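Visitor: Supplied in structure tokens, the structure appears directly below.
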Amino acid sequence: MATLLAGKPVVERMALDLGARIHALKEAGVVPTLALVRVGARPDDLSYERTAAKRAETLDIAVRSIALDEFAPQQAVEAAVRDVSCDEGIHGCLLFRPLPSFVNEARVCELLAPEKDVDGITLASLGSVFTDGHTGFPPCTAAACIEMLDHYDVPLVGKHVVVVGRSLVVGKPVSMMLLRRNASVTICHSKTEHLEDICREADIVICATGRARAFGAAYFSPGQTVLDVGINFDTHGKLCGDVAFDEVEPVVGAITPVPGGIGTVTTSVTMAHTVQAAEAAQATAEEPSSGYASPWC
Ligand code: NAP
């Protein structure tokens with residue numbers, strides 16, 4: 001029977017740490033504040049907005065919800081993000097994506113000040129992930145995978161990690177973050193040949209493909225650690241991951257559940273990034289020579 005890598009203990013440990021830091025910020029007169037920018041009212045955006053707002057409330061992080069009409073033109077979306085970048089009372093921003101097809105998403109993302117880019121959507125943040133830099137933040141889901149592995153003391157140095165999926169939200173950034181931690185990483189995708197064999201050889205397998213229960217027992221071997229990033233619905237409308245949990249769990253050494261795994265930790269990472277952004281803003285404001293003006297305003 002595999003060890004269950006549940007998200008709840010990770011979230012609870014993070015909440016303890018964040019609680020102390022948020023208290024210190026409030027003592028200094030700073031209320032960490034997260035902006036949630038949504039265009040339209042897609043059910044999954046609304047659902048994530050509720051989850052994020054609830055987690056923020058639990059931690060005493062303020063939330064500003066900015067909701068734009070589903071037909072909001074490019075100019076209006078750009079103006080909303082520019083306002084967030086310039087508002088000194090906002091420390092972090094989550095922009096729900098994808099934006100409607102008639103909005104140039106890349107242009108909108110680049111209007112977000114990297115210091116508020118808590119979900120790694122700007123080129124500056126992503127550039128840092130790929131160059132081991134310190135600008136902005138990595139995407140929250142990728143960071144949640146690392147947080148999960150660290151919480152459960154899963155060794156990374158010299159280990160072979162297979163990442164299935166190469167998106168800029170999960171697959172590529174988590175691969176770079178693992179490389180930074182001295183793991184040896186193989187990145188796979190829909191055109192990879194012999195995927196079952198490649199996965200079976202790994203110490204750690206991270207599945208981020210968006211294919212409901214597509215990874216059965218044939219992909220895994222005893223002792224492996226499996227992170228299931230997928231958030232999918234099966235043909236009965238039931239929430240499930242990319243991994244066929246019931247048949248894989250008896251084979252591997254440790255596995256994350258869906259729900260209750262990576263997704264749970266992701267929301268906490270968003271909050272942690274917001275607190276870190278608030279701390280950085282406060283430190284900048286306290287610098288004696290601080291005539292700092294964001295180039296995004
Ligand atoms: P995405 O942009 O659609 O990327 C999916 C990746 O999977 C692509 O690189 C694709 O390969 C690869 N893929 C698709 N079919 C494959 C196959 N048969 N064999 C091997 N690789 C295959 O998705 P995403 O945004 O990265 O999200 C992936 C999953 O994670 C989704 O279920 C999403 O809901 C979930 N997710 C969870 C969280 C969380 O907090 N837990 C956050 C974000 C996303 P190609 O590049 O060749 O097309």
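So that you can scan it fast, the table gives a plain yes or no per residue for (1) away from the ligand (no atom under 16 Å from the Cβ); (2) farther than 20 Å from His151 by Cα; (3) modelled with pLDDT of 95 or more; (4) aromatic (Phe, Trp, Tyr):
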| residue | (1), (2), (3), (4) |
| --- | --- |
| Ala212 | no, yes, yes, no |
| Gly216 | no, yes, yes, no |
| Phe245 | no, yes, yes, yes |
| Pro257 | no, no, yes, no |
| Thr264 | no, no, yes, no |
| Thr270 | no, no, yes, no |
| His273 | no, no, yes, no |
| Ala278 | yes, yes, yes, no |
| Ala285 | yes, yes, no, no |
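Visitor: Within region 218-236, how many residues are open to solvent by less than 30 Å² (accessible area, probe 1.4 Å) and either at pLDDT 95 or above or touching a Pro at 6+ places or on another chain (Cβ under 6 Å) (or both)?
Guide: Of the residues in that region, 10 qualify.
Visitor: Checking the condition surrounded by fewer than 17 Cβ atoms within 10 Å (Cβ to Cβ) and either among the polar types (S, T, N, Q) or out of contact with any His (no Cβ under 8 Å at 6 or more places or on another chain) (or both), which residue from Arg107, Arg55 passes?
Guide: When all the criteria are applied, what remains is Arg107.
Visitor: Being among the β-branched types (Val, Ile, Thr) and within 9 Å of the ligand (Cβ to nearest atom) is the filter here; which residues of region 231-243 pass it?
Guide: The one that is among the β-branched types (Val, Ile, Thr) and within 9 Å of the ligand (Cβ to nearest atom): Ile231.
Visitor: If you go through region 170-186, how many residues are open to solvent by less than 70 Å² (accessible area, probe 1.4 Å) and near the ligand (Cβ under 9 Å from one of its atoms)?
Guide: Selection size over region 170-186: 2.
Visitor: Kindly establish whether Pro100 is assigned to a loop (DSSP other than H, G, I, E, B), crowded, with 21+ Cβ neighbours inside 10 Å and on the phi < 0 side of the Ramachandran plot.
Guide: For Pro100, the condition - assigned to a loop (DSSP other than H, G, I, E, B), crowded, with 21+ Cβ neighbours inside 10 Å and on the phi < 0 side of the Ramachandran plot - is not met.
Visitor: Kindly indicate whether Phe220 is of a type in the set (Phe, Trp, Tyr) and out of contact with any Asp or Glu (no Cβ under 8 Å at 6 or more places or on another chain).
Guide: Yes: the conditions hold for Phe220.
Visitor: Of everything in region 17-63, what is over 17 Å from the mean Cα position of the chain (by Cα) and of a type in the set (Asp, Glu)? Give them in sequence order.
Guide: Answer for region 17-63, where residues must be over 17 Å from the mean Cα position of the chain (by Cα) and of a type in the set (Asp, Glu): Asp17, Glu27, Glu57, Asp60.
Visitor: Also, I was wondering about something else. Just one of (1) farther than 25 Å from Ala6 by Cβ; (2) surrounded by 18 or more Cβ atoms within 10 Å (Cβ to Cβ) trips up Gly165, so point out which.
Guide: (1)
Visitor: So which pairs qualify, if the first residue must be in region 251-270 and on the phi > 0 side of the Ramachandran plot, the second must be surrounded by 19 or more Cβ atoms within 10 Å (Cβ to Cβ) and outside any loop (DSSP other than H, G, I, E, B), the Cβ gap must be under 9 Å, and the two must be at least 6 apart or on different chains?
Guide: Gly260/Gly7
To keep it simple, each residue is scored yes or no on (1) open to solvent by less than 10 Å² (accessible area, probe 1.4 Å); (2) hydroxyl-bearing (Ser, Thr, Tyr).
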| position | (1), (2) |
| --- | --- |
| Ile206 | yes, no |
| Lys238 | no, no |
| Phe245 | no, no |
| Glu249 | no, no |
| Ile255 | yes, no |
| Gly260 | no, no |
| Gly263 | no, no |
| Ala272 | no, no |
| Thr284 | no, yes |
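Visitor: From the residues in region 18-37 that are open to solvent by 30 Å² or more (accessible area, probe 1.4 Å) and not small (Gly, Ala, Ser), which one is nearest to Ala80 (Cα to Cα)?
Guide: Checked region 18-37; the qualifying residue nearest to Ala80 (Cα to Cα) is Val31.
Visitor: Something else: Return the only residue of Val162, Val118, Val129, Val157 being within 16 Å of the ligand (Cβ to nearest atom), at pLDDT 95 or above, part of a loop (DSSP other than H, G, I, E, B) and aliphatic (A, V, I, L, M).
Guide: Exactly one residue qualifies, and that residue is Val118.
Visitor: If you don't mind, another one. Pairs please, first residue from region 187-209 and more than 20 Å from Met148 (Cα to Cα), second anywhere and open to solvent by 40 Å² or more (accessible area, probe 1.4 Å) and more than 10 Å from the ligand (Cβ to nearest atom), Cβ atoms under 6 Å, 6+ apart in sequence or on different chains.
Guide: Glu196/Ala218
The values are calculated or read from the model by the stated rules, or taken from the named source; none is laboratory data. No experiment lies behind these values; they were computed from the predicted model shown. Counting neighbours? That spans all protein chains shown, and the Cβs are built from the backbone with ideal geometry, glycine included. These accessible areas exclude ligands, DNA and RNA; they are computed on the full protein's heavy atoms, side chains included. Shrake-Rupley method; radii C 1.70, N 1.55, O 1.52, S 1.80 Å.
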